Amino acid sequence: MAAATFGTGAAGSPAPLLTRRIPSSGELLPLIGLGTSGPFEVDAAPASRAPLGEVLEAFFSAGARLIDTSPMYSSAETVLGELLTPVMHERAFLATKVWTRGERAGIEQMTQSAQRLKTPRLDLIQVHNLLDLDTHLRTLRAWKAQGRVRYIGITHYTVAAQAELARILARESLDFVQFNYSPLTRAAEQRLLPLAAERGVATLINRPFEDGALLRRVQGRALPAWATELEVTSWGQLALKFIASHPAVTCIIPATGKRAHLEDNLAAARGPLPDARQREAIAAAFG
């Protein structure tokens, strides 16, 4: 369940973000993180990077920690590494991925990721889309034993892959699994989320807004009157609260390069989360 870190903040300041524990360690993570696919894939021009710097400032000022990236996302690792300040590095939980074939290529790619992110030890490395899974898991377990990475995991982004993710979770010892889940795409509730809870595996949720399609469905519509019970002010917050309310969800990673959108997302990790009745009402409202 979410740790009891919410409530009234200091006068005029937002309440702290709700957190969940990583089952394998007990470490707390805020329920909302940050994805980098798309918005952080920019060039070196100051005009391109300035908004991202503002996003990171607001992200860490709010107490958020987990940032998810990948060598698959063109320049995202490099941009993120160059924008993170020393103080940000102290607070950050940096998650990246390995996305290549072969042991040597995997080692080279993960070493390069650490260099791009300017950190001697990564918090989490995930086998991206299960590519050459067994090879990379052997390397990752060795790296974890050596202290080169703190946590290891696997990822995918489609419902079609969730059965395979579940099969892997059932046989392997992992710290994290990342997959897609939203008020409209609820397949993970059937097997993957319960299995992650049973196996003590933390979950990262990608595509919470269905690549924007979820919010386009409700564009121009007023929020339901009962949304005030959850202290939400946007459809995005309502979707994120639906996801966050599942007890097996550890952290949601919506990508954004706009400070206003980031602050809207982070607001979903404050205040009450929906109960079972409210969850079904949210799903119906988007459907």
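Considering each residue of region 127-164, count those that are in a loop (DSSP other than H, G, I, E, B) and either within 16 Å of LEU174 (Cα to Cα) or in contact (Cβ under 8 Å) with a residue 24 or more places away in the chain (or both), and give that number. Lay out the reasoning, then the answer.
Just the residues of region 127-164 that are in a loop (DSSP other than H, G, I, E, B), to begin with: 131-132, 147-148, 156-158.
The next check asks that each one be either within 16 Å of LEU174 (Cα to Cα) or in contact (Cβ under 8 Å) with a residue 24 or more places away in the chain (or both); those that pass are 131-132, 147-148, 156-157.
Total meeting the criteria: 6.
Of all residues in region 196-222, those that are under 25 Å from LEU169 (Cβ atoms) have Cβ atoms under 7 Å from Cβ atoms of residues that are charged (D, E, K, R), 6 or more apart or on another chain, in VAL201/ASP175; ALA202/ASP175; LEU204/ASP68.
Among the residues here, LEU124 does not qualify as under 16 Å from VAL177 (Cα atoms) and in a helix (DSSP H, G or I). The residue pairs whose first member lies in region 12-26 and is at pLDDT below 95, whose second member is in a loop (DSSP other than H, G, I, E, B) and among the basic types (Lys, Arg), and whose beta carbons are closer than 6 Å, counting only pairs six or more residues apart or on different chains, are ALA15/ARG270.
Yes/no matrix, rows are residues, columns are (1) of a type in the set (Lys, Arg); (2) modelled with pLDDT under 95; (3) under 18 Å from LEU34 (Cβ atoms); (4) surrounded by fewer than 20 Cβ atoms within 10 Å (Cβ to Cβ):
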residue	(1), (2), (3), (4)
ARG186	yes, no, no, yes
ALA202	no, no, yes, no
ALA213	no, no, no, yes
ARG221	yes, no, no, yes
ALA227	no, no, no, no
ALA255	no, no, yes, no
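The residue that is nearest to THR203 (Cα to Cα), among those in region 243-263 that are in contact with a Pro (Cβ under 9 Å, 6 or more places away or on another chain), assigned to a loop (DSSP other than H, G, I, E, B) and in contact (Cβ under 8 Å) with a residue 60 or more places away in the chain, is THR250. Cβ separations smaller than 7 Å between residues 6+ apart or across chains give the following pairs from region 272-287 residues that are assigned to a helix (DSSP H, G or I) to residues that are among the β-branched types (Val, Ile, Thr): PHE286/VAL218.
Quick check on GLU103: is it without any contact (Cβ under 8 Å) to a residue 12 or more places away in the chain, surrounded by fewer than 19 Cβ atoms within 10 Å (Cβ to Cβ) and over 20 Å from GLU41 (Cβ atoms)? Steps first, please.
Values: without any contact (Cβ under 8 Å) to a residue 12 or more places away in the chain: no; surrounded by fewer than 19 Cβ atoms within 10 Å (Cβ to Cβ): yes; over 20 Å from GLU41 (Cβ atoms): yes.
No: the conditions fail for GLU103.
The values are calculated or read from the model by the stated rules, or taken from the named source; none is laboratory data. Here the structure is a predicted model, which is why all the values come from computation and not from measurement. So basically every Cβ, Gly included, is an ideal-geometry build from the backbone, and we count neighbours across all protein chains shown.
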